[in-house]
Amino acid sequence: MRALFREAFGSDGDVTVTKASGRVNLIGEHTDYNDGYVMPVPLDMHVWIAGRGREDDLVRVYAADYGEWAEFDLKAMEYDLEHLWVNYPQGVAWALAERGHQLLGADLVISGDVPIGAGLSSSAALEVASIRMFGELSGLQLDPVEVAYTGKRAENEFVGVQSGIMDQFVASLGAPGSALFIDCRTDEYKRIPLPSGARVIVVDTTVKRELASSAYNERRAQCEEGVRMLSEDMDDVRALRDVSSEDLERLGASLPDLILRRCRHVIEENARVLDAVKALEAGDAERFGELMYASHESLRTDYEVSSDELDALVDAAREIPGTFGARMTGAGFGGCTVNLVNEENVAFFIDRIKESYMRSTGLNAIVYRV
Ligand code: GLA
């Protein structure tokens, strides 16, 4: 990063380096914006930033992987339609300023190896690495939960994507080799080591997530509609987090079928995450894997955010000996699956899944190990 900085800005004196990782979600999908539970794990793939403070209000940024420059003025921040990537560092500068922090200008270089558009949260990694950088250069005391919420605010209000808190939370608080259980209502979290003898393998469909943001917003609205309808018959329902499977069984008949299915996914997925915590703490990879398959089934049929390619990968994984579980991960409609595989079978798994995916779709899957 120092060498890149030197190339871009001529010298590397007083340079600070920050980073943040991408993530894969093990279980708990489309639950974060319903005040529910999630369990992501950080990847060994990062966004890196090298930076140095300036005396004025200018922020100059070089995106080394694109060979592109952009800049913005801390006193006049505006969405940049030409360099979309700069809206992440600019958005967090805006969100920090909104929280009352005084920022200094900066020269920045960004680079990274989190794949972009694959559903592995390169944007949250860029946000968190940028917040850490502004924090360091401007001498801010930022608590890691505040870092996560600042990133989310940038994403929601500056970039304009209505995501939940999961991605920024794990980018800020995740630790390598441990799943991060997060209660997205209380912000309580717990790091749980991955089971020994099992490996997390990410398989990328290489299909870009089409229509993902409009469908994502539509699912959010359907969940809110469910909350509104259920709260007519129940007290104290602020989010689907407050509804149990028994409540839904009792009251579900009054809901339109589509809303019922959306609610059922979220409510059962929350219960699955709590079961997954127990399985992980007991080192029970078999049970964890069953919960992953059940999560996929629910995302495919009730929540309807899977795709043919994601289903092909999960079906293929099921047939490979030594696989504990598999499911789509992230928002859906494309992107990746996450697989829990017996350590001894990893090489075999990778060969077989690629071959099977090629046979069923004609596409080359990309495999990442966590
Ligand atoms: C995206 C969002 C997250 C979460 C997932 C679905 O990754 O950024 O907040 O809602 O989708 O679980």
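A short reminder: the numbers here are calculations on the coordinates, not readings from a lab. Please read all numbers here as calculations on a predicted model, not as lab measurements. Counting neighbours? That spans all protein chains shown, and the Cβs are built from the backbone with ideal geometry, glycine included.
Charged neighbours of Tyr368, selected by a Cβ distance under 15 Å, balance to +1 (K, R count +1; D, E count -1). Entry note: the stretch 259-305 has Rg to Rh equal to 1.04, where both radii use alpha-carbon atoms and Rh is the Kirkwood radius. Over all pairs of different C-alpha atoms in the stretch 165-245, the reciprocal of the mean inverse distance, the Kirkwood hydrodynamic radius, equals 16.1 Å.
Modelled spin labels at Val161 and Glu246, positioned 7 Å past Cα toward Cβ, are 4.0 nm from each other.
Take the Kirkwood radius over Cα pairs of the stretch 1-65, plug it into Stokes-Einstein at 20 °C and 1.002 mPa s, and you get 146 µm²/s for translational diffusion. Computed over the Cα atoms of the chain, pair by distinct pair, the Kirkwood hydrodynamic radius stands at 21.3 angstrom. Quarter the surface of the alpha carbon convex hull of the stretch 2-193 and you get the mean projected area, 10.2 square nanometres.
Can you list the residues of the stretch 348-367 with backbone N under 18 Å from a point 7 Å past the Cα of Asp315, pointing along Cα to Cβ? Zone members listed by number: 352-365. Taking each of Lys278/Lys354; Lys19/Lys190; Lys152/Lys208; Lys19/Lys278; Lys19/Lys152 in turn, the alpha-carbon distance tops 24 angstrom for Lys278/Lys354; Lys19/Lys278. If R0 is taken as 25 Å, the Cβ-Cβ distance between Asn217 and Glu98 corresponds to a FRET efficiency of 0.65. For the stretch 193-235, GluC sites (Glu not before Pro) are listed when DSSP marks them as loop and at most 12 other Cβ atoms sit within 10 Å of their Cβ; the list is Glu210, Glu232.
Put a dot 7 Å past the Cα of Glu304, heading toward its Cβ, do the same for Asp44, and the two dots end up 4.1 nm apart. Of all DSSP-defined beta bridges confined to the chain, some 90% are antiparallel rather than parallel. Between Ala253 and Leu58, the simple label model (points 7 Å from Cα in the Cβ direction) yields a spacing of 7.0 nm. Fully extending the segment from Glu224 to Arg359, taken as 0.36 nm per residue of separation minus the present Cα-Cα distance, adds 44.6 nm.
Kindly provide the Kirkwood hydrodynamic radius of the stretch 226-364 in Å, to one decimal, from all pairs of distinct alpha carbon atoms. Don't skip to the answer; put the middle values down first.
On the way: mean 1/r = 0.0609 Å⁻¹.
After inverting the mean inverse Cα-Cα distance, the result is 16.4 Å.
Taking Cα atoms only, the orientation of helix 87-98 departs from the longest principal axis of the chain by about 80 degrees. Put simply, when 346-358, 321-333 are sorted by average Cβ atoms within 10 angstrom per residue, most first, you get 321-333, 346-358.
What the Cβ-Cβ distance of Glu78 and Ala282 gives, at R0 = 51 Å and to the nearest 0.05, is a FRET efficiency of 0.50.
Which loop GluC sites (Glu not before Pro) in the stretch 44-74, with loop taken from DSSP, have no more than 11 other Cβ atoms within 10 angstrom of their Cβ?
Sparse-neighbourhood loop GluC sites (Glu not before Pro): Glu55.
For the pair the stretch 25-42 / the stretch 344-370, the C-alpha centres are spaced 25 Å from each other. With R₀ fixed at 35 Å, the C-beta to C-beta distance from Arg369 to Arg6 puts the FRET efficiency at about 0.65.
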